[in-house]
1. Please verify whether G55 is over 21 Å from E320 (Cβ atoms) and either surrounded by fewer than 16 Cβ atoms within 10 Å (Cβ to Cβ) or touching a His at 6+ places or on another chain (Cβ under 9 Å) (or both), treating the condition exactly as stated.
2. Please find, among E312, E217, E233, E225, the residue that is within 30 Å of M92 (Cα to Cα) and either out of contact with any Cys (no Cβ under 9 Å at 6 or more places or on another chain) or among the aromatic types (F, W, Y) (or both).
3. So, in the stretch 96-128, exactly how many residues are under 23 Å from L160 (Cβ atoms) and either surrounded by fewer than 20 Cβ atoms within 10 Å (Cβ to Cβ) or within 15 Å of ligand 3 (Cβ to nearest atom) (or both)?
4. When you go through L106, L146, L161 one by one, which is the residue that is within 15 Å of ligand 1 (Cβ to nearest atom), within 19 Å of I319 (Cβ to Cβ) and either touching a residue at least 24 places away in the same chain (Cβ under 8 Å) or out of contact with any Leu (no Cβ under 9 Å at 6 or more places or on another chain) (or both)?
5. Could you give every pair whose Cβ atoms fall below 7 Å, whose first residue belongs to the stretch 122-135 and is more than 25 Å from A158 (Cα to Cα), and whose second residue is modelled with pLDDT under 95, counting only separations of at least 6 or pairs across chains?
6. So, T49, is that one among the polar types (S, T, N, Q) and either assigned to a loop (DSSP other than H, G, I, E, B) or on the phi > 0 side of the Ramachandran plot (or both) or not?
7. Can you tell me which residues in the stretch 59-80 are buried (at least 16 other Cβ atoms within 10 Å of the Cβ), part of a loop (DSSP other than H, G, I, E, B) and at negative phi?
8. Could you please tell me which pairs satisfy a Cβ distance under 8 Å, a separation of 6+ or placement on different chains, a first residue in the stretch 13-36 that is without any contact (Cβ under 8 Å) to a residue 40 or more places away in the chain, and a second residue that is surrounded by 14 or more Cβ atoms within 10 Å (Cβ to Cβ)?
Amino acid sequence: MKTTAVKAFGTEAAEAPLNQMDINRREPTPHDVEIEILFCGVCHSDLHTAKSEWGPSMYPCVPGHEIVGKVVNVGGHVSKFKVGDTVGIGCMVDSCRECQYCKEGLEQYCEPGMTGTYNSPDKHIPGSPTFGGYSESIVVDENYVLRIPENMDLAAAAPLLCAGITTYSPLHHWNVGPGKKVGVVGIGGLGHMGIKIAKAMGAHVVAFTTSESKFAEAKRLGADEVVLSKDEEQMKAFSGQLHFILDAVSAEHDINAYLNLLRVDGSLALVGAPEHPLPVAAFSLITGRKSFAGSMIGGIAETQEMLDFCGEHNITADIEMIDIQKINEAYERLLKGDVKYRFVIDMASLKAN
Ligand code: NAP
Ligand code: ZN
Ligand code: ZN
């Protein structure tokens, strides 16, 4: 396989900071699209993976799965994209395409396993992990490439590729819409998208935050009501009130406090993926026939559906743009919940170096 060296930012070990490095990208095969990366969002999963918080990662690790860029080259059999198109890449770049889930458009639950945009074995370059969007360019099979609606600001669109689909998919699956009271817990990158999307779906949205500074702003994002989750009285007022809760918290927290807010037959879906297990009391579930569930990103067709939905409703992320040289600082701030609401890397800063 012919490869080309491109500039990237990544880390060699769980304890090491991210630094500039060269990585190899394959030359486009007949079904591939080569993309010049313009912007890449910074997801908390990038941090969990770079630091091996979910088990040992593959190193070197180049994170980034909220990618927006321009097509600069296409393989001979590519039919969906042409040079100059504005496109996106999310959390996966391939899957088996044959299992029942791939056939149903649930590629994220592919039985042999999807190929992650980073930290997966690269089928094309044996022995190498896949490398994500903290880089100048990426080469991806056209079937895993998304189209960005024309009315979107490209930097603010990048976070839709993970934070957008990860919240849209469960909200859609659990039939969130008019007449439903929905809680969104943790107003970070995912949570702030969850508020915007649930509101656009027509639900009554209640935001739960630990941050006083986000309390007033959650309404601007679209929440009908906001709860400071540290305040027991405020929490009690919602006891047994919610049809569905989307939990997007990245760290340990008390799940039972939220299960208590569900109505009979209500569901709480975790999208947040904390490093350690979360204890659930039997009585939090059995007293109201409640469901405790989880959800991972979304399929390719559903991701396009989400992008088109956000285009129609003028939804993008609230972002803070950074140069790639500031990525280690951004990770430290992410750990403190100090971002409103998504860091996006301007990839021109990598090219300039
Ligand atoms: P983020 O921007 O860091 O947001 C996480 C939010 O959780 C924070 O803003 C904060 O909200 C809240 N939080 C943080 N620490 C907390 C604590 N100790 N107690 C209570 N609340 C706390 O992260 P993100 O990028 O949105 O990602 C959130 C989680 O989802 C991560 O674990 C990530 O890996 C995971 N994820 C999962 C999927 C999936 O497919 N399921 C996809 C992407 C990401 P407040 O300030 O409002 O309290
Ligand atoms: Zn992500
Ligand atoms: Zn499959």
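1. It is true that G55 is over 21 Å from E320 (Cβ atoms) and either surrounded by fewer than 16 Cβ atoms within 10 Å (Cβ to Cβ) or touching a His at 6+ places or on another chain (Cβ under 9 Å) (or both).
2. E312
3. Of the residues in that region, 13 qualify.
4. That would be L161, the only listed residue that is within 15 Å of ligand 1 (Cβ to nearest atom), within 19 Å of I319 (Cβ to Cβ) and either touching a residue at least 24 places away in the same chain (Cβ under 8 Å) or out of contact with any Leu (no Cβ under 9 Å at 6 or more places or on another chain) (or both).
5. H124/M1; I125/M1
6. no
7. Correct list: Y59, P60, V62, P63, H65, E66, G75, V78.
8. Here the result reads E15/K51; N19/F9; N19/G10; N19/T11; D22/V6; D22/K7; D22/A8, each pair linking the stretch 13-36 to a residue that is surrounded by 14 or more Cβ atoms within 10 Å (Cβ to Cβ).
The values are calculated or read from the model by the stated rules, or taken from the named source; none is laboratory data. It should be emphasised that the depicted structure is a prediction, and the values quoted were computed from it without experimental measurement. Cβ atoms come from the backbone with ideal geometry, glycine included; neighbour counts cover every protein chain shown.
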